[in-house]
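Working notes for the structure below.
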């Protein structure tokens, strides 16, 4: 690959670029979905291409192509230069990259079983077996199974001298059952929207024990159709990991992406209330709330050797003892918060997109409660789990989330199942209401394989580790009959 | 970009290489350029050129699919082989619908515009600069995009079907912010010459200036005057939740079994029409079937739904030409919805409102309860209180939680001017503004 990367870097230098990097990416992707005993979708995909990014006249230019020839590389570099020169027409601040050591390295996702070596028949047999269990009851109208595998082989080189090869491997699996009775209800395992994804091999799929959980998933979906509606009101809320992961993602992860904070996403994904003057002094949450970003954690979907700026993976606090303590940053923007090194959060979706700041693995540090003790300690509450719906405002303050399942907690006991549960809050108020976090025995990484951001739209993957936690006096049951602020 | 003959040759080769009884080739290619700006300067500027070749085979009632972006002969042979091998591992499925034979398509004129295709990064930069200079003068921060793209879609199969369409599009959108108060405007068109960036920017700038010093109001039920962008979210989710045959067959939709029933107010007529003059439709679906004009709602009555080949077979009817790439678990969807314009202007909607809110658009709208079609989202970039027929003052943003049927049952007035509005699903919907009564807001923010 060096002949291609050298060609791009040299072409860019000759025409006056002060910086250039190229990422060549070969992606293998396999996705299998079953739906009611049939193939829902099946695809085996392979792509190859490259993206070239330049700084010229102090501004960014970028172009991508899949034409792996000398002519293709040269033309694409020139297109990147042309777009950079056009960008320069409007710039007010010349791009400044904070320094990063030069690396020559190779990094690979640790794994045990290569999922691409598992026979397709074996994968289908697993999904069909789960499907059979899920559809044993006629009230299940849709049973789905999902397996997804991605291998991304990347070569990164820049004009500073780095040459980094990475092989990233991601695996995912999940099942769901949709039941019709008095209502239509879905139940998923292990998480919703396609299941759990991790940077691991097929051993992750085996560890999920899909078949052992299929009967419970089916029965809960059926039970939900006749369960009582989640009542409106204010109650103590315990979030299971299948919901708390997304709560972290939406109300902390996106809010602390430095490009959003600085207004670069203002026209699309929005901005953030967590502005830079709040760094190291804003009480984001209760003092027991610690949220740590970590691109090195085993199994995390954003666990990498280097980001797409060529910055080595790191671990740092976003919220420390309740105080806003850091942001996700890039080499371009780290200087705006007076940091002299990027946190390595600049990632692109494939070869044909420009890197933008993305949430890395962001986790809530475990506390010291057992779940049993937490429930026993809750007088009037709701336990909600597994995300079904999410919405948050453009400054990441007002959010409303719905979950697949919930249970009432009365006088320390988990009671009746509830359907259509949701809750609503304001980010800092919510995190400041956190008074108990379960211990490391309950802690798990929840993968988010489909985070959207940017124009043109880009998808990124990351994980959020957490154990169940309690939040006091939260508004629940929004939109249910009897809600004082409007009935729908 | 590759020309049509080159693309057709790729498809022909793959069909020749395939050992399957039936082979379909779907090729999607694009040359897309986008300049992104914030804080009055271009911050990202990208040009993407790509091709995606997908092969679907059917062999002994088994299906296989493989995808690549490589166009050399060995890769194309491997692609055909991969799809075939995947099919061999399947269990037999007699419900698989065979590939369609040759089809005739209605022509959609003016889909491709050379000026739009050739519009350069420097052209976009100059147009953006006119906007950022104006914003700097008014101490406003501008963020937005200016994009132009060319897309081709080719679908052909071993039974003689061939469909090809090439089209261009352009979009400019801007968020103008002054003292943390934002205004927004957007235009989506087929031809870049129809975009005047400064005119669009001035709408956003005015909203930002008019939005200074908002008053705080409380959530509850309000009459709302919705600009077209605000209506789009409801139409988008309606396309997903209400009009596809699969959700009706499975009785998951609120509209299941309600064809012929009144579901919305009299003044609501919705069709799916890829041929509507300002629509960005193509004349065939992703199975190669001709895309038909379908009346979905007529004067508030549910008149029809859309089918692909599979759901049509189950329902004993014909495909309406609304299939997505197969195999597909979502079922068919209408992608070119048109909400029929009425006879009111936005001004007339405001003048007829004793107390209400003028809404620019919504943010992060999502489904809370699919069966009841309850959705939630936030107002964004311009919310104004209307009192006694006049826009009185800006107010804080609020979260709505409301069911789509309630919204369309409570429509008092429909706008006379419909525009092409970019959408989450599809290639943009044709949407007028609406005046809706009893619209429910469930919480507020302080900004």
**Study point:** Residue that is surrounded by the fewest Cβ atoms within 10 Å (Cβ to Cβ) [pool: residues in the range B:27-63 that are in contact with a helix residue (DSSP H, G or I) (Cβ under 6 Å, 6 or more places away or on another chain) and under 30 Å from residue B:126 (Cβ atoms)]
**Key:** B:40
Practice item. Take the range A:46-75 and flag every residue that is touching a residue at least 60 places away in the same chain (Cβ under 8 Å), over 13 Å from residue A:21 (Cβ atoms) and more than 8 Å from chain B (Cβ to nearest Cβ). Key: A:68, A:70, A:73, A:74
Check your understanding: Got a number for residues in the range A:76-88 being touching a residue at least 60 places away in the same chain (Cβ under 8 Å) and either away from chain B (no Cβ under 12 Å) or buried (at least 19 other Cβ atoms within 10 Å of the Cβ) (or both)?
Key -> 5
Point to revise | Which numbered condition residue B:256 fails, given (1) at positive phi; (2) within 12 Å of chain A (Cβ to nearest Cβ); (3) in contact with a helix residue (DSSP H, G or I) (Cβ under 9 Å, 6 or more places away or on another chain) | key: (1)
Study note, to complete from the structure: Taking the range B:410-426 and keeping only residues that are away from every other protein chain (no Cβ under 14 Å) and part of a loop (DSSP other than H, G, I, E, B), one is left with B:416, B:417, B:418, B:426
Study note, to complete from the structure: Note: among A:91, A:112, just one is at the interface with chain B (Cβ under 7 Å from one of its Cβ atoms) and in a loop (DSSP other than H, G, I, E, B), namely A:91
Revision key, fill the gap. With criteria (1) in a strand (DSSP E or B); (2) surrounded by fewer than 21 Cβ atoms within 10 Å (Cβ to Cβ); (3) under 21 Å from the mean Cα position of the chain (by Cα), residue A:366 comes up short on (1)
Review point. So which of B:297, B:282 ends up being within 22 Å of residue B:372 (Cα to Cα) and either within 20 Å of the chain's Cα centre (by Cα) or at pLDDT below 95 (or both)?
Key: B:297
Review point. So which of A:395, A:419 ends up being within 9 Å of another protein chain (Cβ to nearest Cβ), in contact (Cβ under 8 Å) with a residue 60 or more places away in the chain and touching a helix residue (DSSP H, G or I) at 6+ places or on another chain (Cβ under 9 Å)?
Key: A:395
Study note, to complete from the structure: Listed by range, strands (runs of 3 or more DSSP E) wholly within the range B:1-90 having at least 2 residues that are closer than 17 Å to residue A:67 by Cβ and more than 7 Å from chain A (Cβ to nearest Cβ) are B:22-38, B:41-59
Review point. With A:140, A:175, A:180 as the choices, which residue is under 28 Å from the mean Cα position of the chain (by Cα), over 30 Å from residue A:340 (Cβ atoms) and either within 14 Å of chain B (Cβ to nearest Cβ) or surrounded by fewer than 16 Cβ atoms within 10 Å (Cβ to Cβ) (or both)?
Key: A:175
**Study point:** All positions within the range A:232-269 that are surrounded by fewer than 24 Cβ atoms within 10 Å (Cβ to Cβ) and over 24 Å from residue A:471 (Cα atoms)
**Key:** A:262, A:263, A:268, A:269
Check your understanding: Is it true that residue A:102 is surrounded by fewer than 20 Cβ atoms within 10 Å (Cβ to Cβ), farther than 30 Å from residue B:130 by Cβ, away from chain B (no Cβ under 11 Å) and in contact with a helix residue (DSSP H, G or I) (Cβ under 6 Å, 6 or more places away or on another chain)?
Key -> no
Review point. Do the conditions hold for residue A:43, that is, is it modelled with pLDDT under 95, within 12 Å of chain B (Cβ to nearest Cβ) and more than 30 Å from residue B:133 (Cβ to Cβ)?
Key: yes
Point to revise | Residue under evaluation residue B:93, criteria (1) touching a residue at least 24 places away in the same chain (Cβ under 8 Å); (2) at the interface with another protein chain (Cβ under 7 Å from one of its Cβ atoms); (3) in contact with a helix residue (DSSP H, G or I) (Cβ under 6 Å, 6 or more places away or on another chain), criterion not met | key: (3)
Revision key, fill the gap. When residue A:92 is run through (1) surrounded by 18 or more Cβ atoms within 10 Å (Cβ to Cβ); (2) touching a strand residue (DSSP E or B) at 6+ places or on another chain (Cβ under 6 Å); (3) modelled with pLDDT under 95, the failure sits at (1)
Review point. Can you tell me how many residues in the range A:138-172 are touching a helix residue (DSSP H, G or I) at 6+ places or on another chain (Cβ under 6 Å) and under 21 Å from residue A:46 (Cβ atoms)?
Key: 3
Review point. Residue A:452: more than 30 Å from residue B:220 (Cα to Cα) and either out of contact with any helix residue (DSSP H, G or I) (no Cβ under 9 Å at 6 or more places or on another chain) or outside any loop (DSSP other than H, G, I, E, B) (or both), yes or no?
Key: yes
Review point. Just checking, how many residues over the range A:27-40 are within 20 Å of residue A:172 (Cβ to Cβ) and more than 7 Å from chain B (Cβ to nearest Cβ)?
Key: 7
Point to revise | From A:350, A:344, residue being farther than 23 Å from residue A:246 by Cβ and crowded, with 24+ Cβ neighbours inside 10 Å | key: A:344
Review point. Within the range B:254-277, which residues are part of a loop (DSSP other than H, G, I, E, B) and in contact (Cβ under 8 Å) with a residue 60 or more places away in the chain?
Key: B:254, B:263, B:264, B:265, B:267, B:268, B:269, B:273, B:274, B:275, B:276
Exercise for review: Tell me, yes or no, whether the range B:70-86 has at least one residue that is farther than 19 Å from residue A:32 by Cα, free of Cβ contacts under 8 Å to residues at least 40 places away in the same chain and surrounded by 21 or more Cβ atoms within 10 Å (Cβ to Cβ).
Suggested key: no
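Rundown of residues vs (1) more than 14 Å from chain A (Cβ to nearest Cβ); (2) over 22 Å from the mean Cα position of the chain (by Cα); (3) in contact (Cβ under 8 Å) with a residue 40 or more places away in the chain, yes/no style:
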residue	(1), (2), (3)
B:109	yes, no, no
B:112	yes, no, yes
B:121	no, yes, yes
B:129	no, yes, no
B:135	no, yes, yes
B:163	yes, no, yes
B:170	no, no, yes
B:177	no, yes, no
B:188	no, no, yes
**Study point:** Residue list for the range B:392-411, filter: within 21 Å of residue B:345 (Cα to Cα) and buried (at least 17 other Cβ atoms within 10 Å of the Cβ)
**Key:** B:394, B:407, B:408, B:409, B:410, B:411
**Study point:** Flag for residue A:375 being touching a residue at least 24 places away in the same chain (Cβ under 8 Å) and within 22 Å of residue A:252 (Cβ to Cβ)
**Key:** no
Review point. Regarding residue B:335, is this residue assigned to a strand (DSSP E or B) and either modelled with pLDDT of 95 or more or crowded, with 17+ Cβ neighbours inside 10 Å (or both)?
Key: no
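The values are calculated or read from the model by the stated rules, or taken from the named source; none is laboratory data. This is a predicted model, so every value here is computed, not measured. No Cβ is skipped: glycine too gets one built from the backbone with ideal geometry, and neighbour counts run over all protein chains shown.
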